[in-house]
Every structure is written in structure tokens, then in C-alpha cells.
Amino acid sequence: SYEDIEAMLAAQVADRTGTPAGEIDRTRRFDHLGLDSADAVRLVGELEDFVGRPLSAALPYTHPTIEQLARCLANGDD
């Protein structure tokens with residue numbers, strides 16, 4: 001579900017940035033949250049495991065916020 005994917009993404013960003021998940025702004029761009037391109041690639045790998053299907057490495061760039069990416073994946077628009 002959207003909520004599950006959003007929570008997973010927030011947790012992953014929190015782990016990578018040292019920011020508590022509850023303080024992650026889900027409407028800010030990943031690069032503004034402190035993720036670099038290597039983090040984005042790892043994030044897609046974690047997402048693939050979470051949703052159980054292959055995903056494009058470009059997703060964090062075409063859907064650059066937690067909110068946008070979670071909505072895309074929940075809708076199956078990937």
C-alpha cells in the first residue's frame with residue numbers, strides 16, 4: 001500500500017541520513033534530504049525487495065520525493 005511504501009522509504013532515508021524517520025519531509029527531493037546517486041541506487045534495490053518486482057534505477061529521478069515515489073509504486077506506474 002501507499003502508506004507501507006512511504007513508511008519504508010522514510011525509514012531508508014532516515015537510516016542513510018541519521019535523521020529520525022518521523023522528521024523526514026516526504027515532500028522534499030531526495031537530493032535535498034541528503035541522498036546522493038549511490039544512495040538512490042541502493043534505495044531502488046531495497047524497494048525491489050520490498051515490492052517484489054524489478055524497478056527502474058531512474059525512479060528516484062523521475063519521482064524525486066518519498067511521496068511521489070510511494071504513490072507511483074502503489075499505483076503500479078513504475
- request: In vacuum, with every alpha carbon of the chain counted as one equal point scatterer, what does the Debye formula give for log10 I(q)/I(0) at q = 0.22 Å⁻¹? Two decimals, please.
  value: -0.96
- prompt: Dipole magnitude of the chain about its Cα centre, charges +1 at Lys/Arg Cβ and -1 at Asp/Glu Cβ only, in debye to the nearest 20?
  reply: 140
- prompt: To the nearest 500 deg cm²/dmol, what mean residue ellipticity at 222 nm is calculated for the chain from DSSP H runs of n ≥ 4 alone, each contributing -39,500 (n - 2.57), summed and divided by the residues?
  reply: -17500 deg cm²/dmol
task: May I ask you to give the percent of accessible area on the chain that is carbon plus sulfur, with a probe radius of 1.4 Å?
output: 46
Inter-label distance for residue 32 and residue 15, nm, one decimal - labels placed 7 Å from Cα along Cα-to-Cβ: 2.5
statement: Phi angles of segment 67-78, converted by Karplus (6.51 cos²θ - 1.76 cosθ + 1.60, θ = phi - 60°) into ³J(HN,Hα) in whole Hz with x for Gly and Pro, give 4, 5, 5, 5, 5, 4, 5, 5, 8, x, 8, 7
task: Compute the length gained on full extension between residue 57 and residue 2: take 0.36 nm times their separation in residues and subtract their Cα-Cα distance, giving the result in nm to one decimal.
output: 17.8 nm
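The values are calculated or read from the model by the stated rules, or taken from the named source; none is laboratory data. Because the structure is predicted, anything quoted here is derived from the model rather than measured. Counting neighbours? That spans all protein chains shown, and the Cβs are built from the backbone with ideal geometry, glycine included. Remember, those area values only see protein heavy atoms, side chains included, never the ligands or the DNA or RNA. Shrake-Rupley method; radii C 1.70, N 1.55, O 1.52, S 1.80 Å.
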